[in-house]
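Read-outs: derived from the displayed coordinates by stated rules, not from any lab. Remember, it's a predicted structure, so these values are computed and weren't measured experimentally. Note that each Cβ is placed from the backbone with ideal geometry, even for glycine, and that neighbours are counted across all protein chains shown.
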Amino acid sequence: MEKLLIPAQSDNLFGTMDDHFGRAGWYLVVDTEGTLHAAVPGNADSHHAGIFRMSKELAFQATLTSHMGPGAWQKAQAQGVKIYMLEKPTQILDAIRQYKDGKARLLDSGEDLSCGGNCGH
């Protein structure tokens, strides 16, 4: 079963995605059936590209987000993690549903990144 990494505002499935990937309050590892496998607090170790250093340990294969900067995208690529973009932040369970329904867009190059640090969102 595929596991996804989702930046979140809280440590549970009933919250909302965080719209700033690099400084998310939490990073949730969930499977495509909606089971929470891990909740990693956003801190100096996990912020920005740091969370991708944990990809093997946390066993996630893809990330769902609405904003991501180039540093995080590059680290994800180096770790073999696919990035899927959603149009806007949404509820965690709805994000999983959108992914399963094919509504998340695979970001296959860094050209369409929607954040690069001081983006003001």
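Using a Förster radius of 25 Å, what is the FRET efficiency between residue 36 and residue 88 based on their Cβ-Cβ separation? Nearest 0.05, please.
0.65
With 10 angstrom as the radius, rank 90, 63 by how many other C-beta atoms surround their C-beta, starting from the fewest. Walk me through the numbers on the way to the answer.
Numbers: 90 18, 63 25.
The most exposed by this proxy come first: 90, 63.
Restricting to Cα pairs below 8 Å that are 6+ residues apart, what does the relative contact order work out to for the chain? Please round to a whole percent.
The normalised contact order for the chain reaches 26 percent.
At 7 Å along Cα-to-Cβ for each site, give me the label-to-label distance between residue 78 and residue 58 in nm.
So the label points at residue 78 and residue 58 sit 1.7 nm apart.
Could you work out the relative contact order of the range 56-99, using alpha carbon pairs under 8 angstrom and six or more residues apart, expressed as a whole percent?
After rounding, I find 44 percent.
Tell me, 66, 10 in order of fewest to most beta-carbon neighbours within 10 Å?
10, 66
Using 1/(1 + (r/R0)^6) with R0 = 25 angstrom and r between the beta carbons of residue 44 and residue 14, what's the FRET efficiency to the nearest 0.05?
Efficiency computed from Cβ-Cβ geometry: 0.40.
Could you give the length gained on full extension between residue 100 and residue 23, defined as 0.36 nm per residue of separation minus the Cα-Cα distance, in nm?
25.2 nm
Within 10 Å of each residue's Cβ, count the other Cβ atoms and sort 6, 96 from fewest upward.
96, 6
Quick check on the chain: what are the equivalent-ellipsoid semi-axes from the Cα gyration tensor, as sqrt(5λ), descending, whole Å?
Working from the Cα gyration tensor, I get semi-axes of 18, 15, 15 Å.
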